[in-house]
Amino acid sequence: MNTDHLKTSVQAINWNRIDDPKDQEVWDRLTGNFWLPEKVPVSNDIQSWNRLNEFEQTLTMRVFTGLTLLDTVQGTVGAISLIPDAVTPHEEAVYTNIAFMESVHAKSYSQIFSTLCSTPQIDDAFRWGETNENLQKKAQIIMSYYKGDDPDKRKVASTLLESFLFYSGFYLPMYWSSRGELTNTADMIRLIIRDEAVHGYYIGYKFQRSVEKQSAERQAELKDYTYSLLMDLYDNEEEYTEDLYDPVGWTEDVKMFLRYNANKALMNLGYDALFTPDQTEVNPAILASLSPNADENHDFFSGSGSSYVIGKAEETEDDDWDF
Amino acid sequence: MGSLVYFSSVSGNTKRFVDKLDYSEDSVHRIPLRRTEDPLVMEDEFVLVVPTYGGGTVKGAVPKQVITFLNDKRNRTLIRGVITGGNTNFGEAYCKAGDIISAKCQVPHMYRFELFGTPQDVDQVKQGLERFWHN
């Protein structure tokens, strides 16, 4: 792959000549999913917020502060750092979209704060974010790769952030929503989760296209590097999760969710899952909150074989079906 | 044993899942990615394996190439089931392509896996398909 043309001459992007169809597909997905926090009626959660006790409110604000920090890093450093490594001009354009949306995500937490919380509460939460060791450590590990000189490792760090590091935080609004609390806030978080899923998929895809062109030694090095970075981050993530959730007793439940998402982050990078099924048994209520139909029984094979699982009549707006 | 038909984009997640099922080469068929390639026409019964597209919306969940393949009546009459790939992080659209195809073609939505599936997914589908075709 030759990127010289991107560096030595100024090139106008031509969307009528696409080298990698994935660029167009992901651009279309991301722009089709575009949203702004102002459209989500978070103020409908004020009563629900007031039902939470002081400790639950503090926990929620700390979680959102942690998420804000990661989105800030990804929007202003992470996604931007990928641009010079792009192999097509369309890939550069997709990264600019990703960077912008990360800034939208970061701002959406401030929208939640300003709607639900007092100024002293907000200041306290941000102060906590600056002093929590494990939160600072995860941001610093990632930042060190963004500033490093290895484009492949930058993509690994970026994918692990998008597909793994957010989930200790995402657990909480999914939990509240499963209990009927902060449901509008959860709607907004689901939009963020959907965006991050596309980001992780795309950056991981670009990583795999780069790796497949390299020597066997280099491929082995990157694989080792990925698993060991994941484990470093995972160890830190366990401690971060304990800091946040030990007082409410949900830590082990959150860790299931972490490992489940760690597996998916690895798969986005083309590597096999690391954690076993018994280590990734996500609480069904959390899974249902994330994806309303995820817990429906679609395992036709393990049933008696007589009960067919036929999909309910699905509305589809695609007009290219002929039957 | 029936055949497997699958569609996989250039990211190849679905292909990777299908490869792990260890079917013989002549009983696995890929729906072409580009319109310029010859369309696939099946002559024996098959189970379809597809990813869900669209990243969170129902519109566009079934890849266009798969719709084109199923619009051919010869193919539609031979489909016996559908297996879908997806990602729960896409919310309501998780594996939606399977629900849509299942409803349209009146065949069971047999199984759902995430990305390219875990080893447990591969085992369950492998054994499940074996039992299915022997019944």
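Of note:
- Only one of the numbered conditions (1) surrounded by fewer than 19 Cβ atoms within 10 Å (Cβ to Cβ); (2) over 19 Å from A:Leu59 (Cα atoms) is not met by A:Thr183, and that is (2).
- Which listed residue, of A:Asp19, A:Asp23, is under 23 Å from B:Ser9 (Cα atoms) and exposed (fewer than 15 other Cβ atoms within 10 Å of the Cβ): A:Asp19
- Taken over the range B:13-26, residues that are in contact (Cβ under 8 Å) with a residue 40 or more places away in the chain and open to solvent by less than 20 Å² (accessible area, probe 1.4 Å) amount to 3.
- Qualifying residue in the range B:101-109 (condition: touching a strand residue (DSSP E or B) at 6+ places or on another chain (Cβ under 8 Å), closer than 26 Å to A:Leu30 by Cβ and open to solvent by less than 20 Å² (accessible area, probe 1.4 Å)): yes
- Among (1) of a type in the set (A, V, I, L, M); (2) surrounded by fewer than 19 Cβ atoms within 10 Å (Cβ to Cβ); (3) closer than 27 Å to A:Asn33 by Cα; (4) touching a strand residue (DSSP E or B) at 6+ places or on another chain (Cβ under 8 Å), the one test that B:Leu33 misses: (4)
- Sole exception among (1) touching a Gly at 6+ places or on another chain (Cβ under 7 Å); (2) open to solvent by 10 Å² or more (accessible area, probe 1.4 Å); (3) within 13 Å of chain A (Cβ to nearest Cβ); (4) in a loop (DSSP other than H, G, I, E, B) for B:Val10, by number: (1)
- Flag for A:Lys39 being more than 20 Å from A:Pro89 (Cα to Cα) and at pLDDT below 95: yes
Residues are listed down the side, and each one gets a yes or a no for (1) in contact with a Phe, Trp or Tyr (Cβ under 8 Å, 6 or more places away or on another chain); (2) more than 28 Å from A:Asn263 (Cα to Cα); (3) modelled with pLDDT of 95 or more:
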residue: B:Phe46; (1), (2), (3): no, yes, yes
residue: B:Pro51; (1), (2), (3): yes, no, no
residue: B:Gly55; (1), (2), (3): yes, no, no
residue: B:Asn75; (1), (2), (3): yes, yes, yes
residue: B:Asn87; (1), (2), (3): yes, no, no
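- Taken together, the residues in the range A:201-252 that are more than 14 Å from chain B (Cβ to nearest Cβ) and in a helix (DSSP H, G or I) amount to 35.
- Residue among A:Phe126, A:Phe100, A:Phe113 that alone is hydrophobic (A, V, I, L, M, F, W, C), modelled with pLDDT of 95 or more and under 16 Å from A:Ala186 (Cα atoms): A:Phe113
- Of the helices (runs of 4 or more DSSP H) lying entirely inside the range B:30-135, those carrying at least 1 residues that are facing chain A (nearest Cβ under 8 Å) and among the hydrophobic types (A, V, I, L, M, F, W, C) are B:64-71, B:96-105, B:119-134.
The values are calculated or read from the model by the stated rules, or taken from the named source; none is laboratory data. Predicted model, so just to flag it, every value in this text is computed and none were measured. Cβ: placed from backbone, ideal geometry, glycine included. Neighbour counts: every protein chain shown. Surface areas here come from the heavy atoms of the whole protein model, side chains and all, with no ligands, DNA or RNA. Shrake-Rupley method; radii C 1.70, N 1.55, O 1.52, S 1.80 Å.
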